[in-house]
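The values are calculated or read from the model by the stated rules, or taken from the named source; none is laboratory data. Quick caveat, the model's predicted, so the values are computed rather than measured. Positions of Cβ are backbone-derived with ideal geometry, glycine not excepted, and every protein chain shown enters the neighbour counts.
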């Protein structure tokens, strides 16, 4: 499970990292590491998280697609801003 997806789900459920950790039997630090990409959960841990959070593979794919669209939108906005700044003359 991608860290961005985990963070998205956690925020959607209004859970802290500590609360999520308690639900799935992990420490807050481990959740932090997953969310920031410092560590990757084992497949068995992903299944445990899915079961505890009641998210299916299909749900995770939908969230991944949503995050990709958001990233593309943010990148497009940033590109536009940088282009506008580049055209500024002093």
Enumerate the pairs (first residue in the stretch 8-19 and over 20 Å from residue 61 (Cα atoms); second residue anywhere and assigned to a helix (DSSP H, G or I) and modelled with pLDDT of 90 or more) with beta-carbon separation below 6 Å, excluding pairs fewer than 6 apart on the same chain, so at least 6 apart or on different chains. 17/28; 17/31; 17/32; 18/28
Is it true that residue 89 is outside any helix (DSSP H, G or I) and at pLDDT below 90? yes
